Amino acid sequence: MTQNIKPVHVIGAGMAGSEAAWQLAQAGVPVVLHEMRPVVKTDAHETDGFAELVCSNSFRSDDYEQNAVGLLHEEMRRLGSLVMEAANVAKVPAGGALAVDRQAFSAYVTEKLNAHPLVTVERGEVAGLPPADWDNVIVATGPLTSAALGEAIAGLTGAEELAFFDAIAPIIYRETIDMSVCWYQSRYDKVGPGGTGKDYINCPMTREEYDAFVQALLSGEKTDFKEWEKNTPYFEGCLPIEVMAERGLETLRWGPMKPVGLTNPHNPDVKPYAVVQLRQDNALGTLYNMVGFQTKLKHGEQTRVFRTIPGLANAEFARLGGLHRNTFLNSPKLLDGVMRLKNEPRLRFAGQVTGVEGYVESAAMGLLAGRFAAAERQDRAPSAPPRTTALGALLAHITGEANAETFQPMNVNFGLFPPVELGLDENGKRPRGKAKGPARKRAHTSRALADLAGWIEQKSEAAE
């Protein structure tokens, strides 16, 4: 049966493309997975592995009862996600978040896809639109779509691609961090996947040190933009730290440097005025990522300024921060309900190029694109997940519910979900006050997982 099915072509072996290829192959549909690296390199990638993580190693919260991205994790797990399987294998301690060893994560995804009998990997750039005889294509080229393909897509859609900048945070060698100044602790001692409640290294600052640090950020020499880049905005969810600092002296203390939920064991009676947190970046615990420290400071300035942070005076950097340009489609205007290009339905898009933001969200759209394409190949009608699920909410947002005039990249959040009725508590009353928020989140997540289970059961029955 399988040998009579034409392959689906997936362009790009990042998070979305890798997940799409896996979903297709697991459904019994042959896949040709096209990856231009290492034949054509990008400004941000360092290897030729699949699903290479660039900006961060964190998938954010793994709490599926109280957090929308944690719910997305759980939905993907229940649908056989390769990305979530790899994250579980490669996870490193990160408090309540799910973070991974970058190399182990990418190696796992690469090995699984290379070993699958229905996946054929072709290295090299797809320059321009795919050939006409590729009648079922998933474009999952992510933020670093090649110029030739990007121009071809823009020409086909009759609309310019939108763009913004993502920033990358530095990584420090653990052995160069002064632990007589710093300490291990997760915020509020929270224990997460593979964690102990002591999963971050914390660097404390006094008010004087914080004020001096902010001034150093503001005065430090930044990367210059080319003329054609000057009107390109930043993505609000991944701002350079010095851009945040420009918004006010106290901005960082209410953002990545907030001191709440932490006690310095070296000086327990004095509350830090601000705290820089470092998150484990690999399984060996030899590398640590500066949380929230995406930056456009020039490399020499990064070394100088970041070494003024207490405990990092002798820090050595495995990687310094930087910027890369991201591109995405005006999906509400251009894509149909199953992510096909309205004026060229053989082309389906997945990942960041559709206007979702975040590793998990990108992989989630790859999961759906793979399932939709598999259904078409097997002469079944693609079935979208319920609107009440995290997957369904994201899909609905990018394929029509967002305002096309103001469309911007979006992380999954409960604001995308339909309203939910709150049930009665153990006393027969509806939650009020501070109890209302957590109760509403639990109502969203329990409804989502129940509806997802029903959808999975319906699809199983239809396939029989």
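So which residues in the range 429-453 are among the hydroxyl-bearing types (Ser, Thr, Tyr) and touching a helix residue (DSSP H, G or I) at 6+ places or on another chain (Cβ under 9 Å)? Steps first, answer last, please.
Start the filter on the range 429-453 by keeping residues that are among the hydroxyl-bearing types (Ser, Thr, Tyr), which leaves 445-446.
The answer is 445, and nothing else.
Residue under question is residue 387, and the condition is that it be part of a helix (DSSP H, G or I) and surrounded by 15 or more Cβ atoms within 10 Å (Cβ to Cβ); does it hold?
On the way: part of a helix (DSSP H, G or I): no; surrounded by 15 or more Cβ atoms within 10 Å (Cβ to Cβ): yes.
It is false that residue 387 is part of a helix (DSSP H, G or I) and surrounded by 15 or more Cβ atoms within 10 Å (Cβ to Cβ).
Of all residues in the range 270-298, count the ones that are open to solvent by 10 Å² or more (accessible area, probe 1.4 Å), at pLDDT 90 or above, under 13 Å from residue 172 (Cβ atoms) and of a type in the set (A, V, I, L, M, F, W, C).
1
In the range 414-454, how many are at negative phi and part of a loop (DSSP other than H, G, I, E, B)? Talk me through it step by step, then tell me what you get.
Taking the range 414-454 as the starting set, the residues that turn out to be at negative phi are 414-427, 429-432, 434-454.
Checking the rest, the ones that are also part of a loop (DSSP other than H, G, I, E, B) come to 417-427, 429-432.
So the answer is 15.
If you scan the range 87-121, which residues turn out to be open to solvent by less than 40 Å² (accessible area, probe 1.4 Å), farther than 23 Å from residue 200 by Cβ, assigned to a helix (DSSP H, G or I) and aliphatic (A, V, I, L, M)?
109, 113
So that you can scan it fast, the table gives a plain yes or no per residue for (1) in contact (Cβ under 8 Å) with a residue 12 or more places away in the chain; (2) more than 20 Å from residue 10 (Cα to Cα); (3) of a type in the set (Phe, Trp, Tyr):
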| position | (1), (2), (3) |
| --- | --- |
| 352 | yes, no, no |
| 366 | yes, no, no |
| 370 | yes, no, no |
| 394 | yes, yes, no |
| 412 | yes, yes, no |
| 426 | no, yes, no |
| 447 | yes, yes, no |
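I need every pair where a residue in the range 88-103 that is of a type in the set (Asp, Glu) has its Cβ under 6 Å from the Cβ of a residue that is open to solvent by less than 10 Å² (accessible area, probe 1.4 Å), sequence separation at least 6 or different chains.
Qualifying pairs under 6 Å: 101/90; 101/92.
Restricting attention to the range 192-226, report how many residues are outside any strand (DSSP E or B) and in contact with a Lys or Arg (Cβ under 6 Å, 6 or more places away or on another chain). Spell out how you get there, then give the answer.
To start, the set of residues in the range 192-226 that are outside any strand (DSSP E or B) comprises 192-199, 206-221, 223-226.
If we keep only those that are in contact with a Lys or Arg (Cβ under 6 Å, 6 or more places away or on another chain) too, we end up with 193-194, 221, 223.
Going through the range 192-226 one residue at a time, the tally reaches 4.
The values are calculated or read from the model by the stated rules, or taken from the named source; none is laboratory data. This structure is a prediction, so every number in the text was calculated from the model and none was measured. Cβ sites come from the backbone with ideal geometry, for glycine too, and all protein chains shown count toward neighbours. Surface areas here come from the heavy atoms of the whole protein model, side chains and all, with no ligands, DNA or RNA. Shrake-Rupley method; radii C 1.70, N 1.55, O 1.52, S 1.80 Å.
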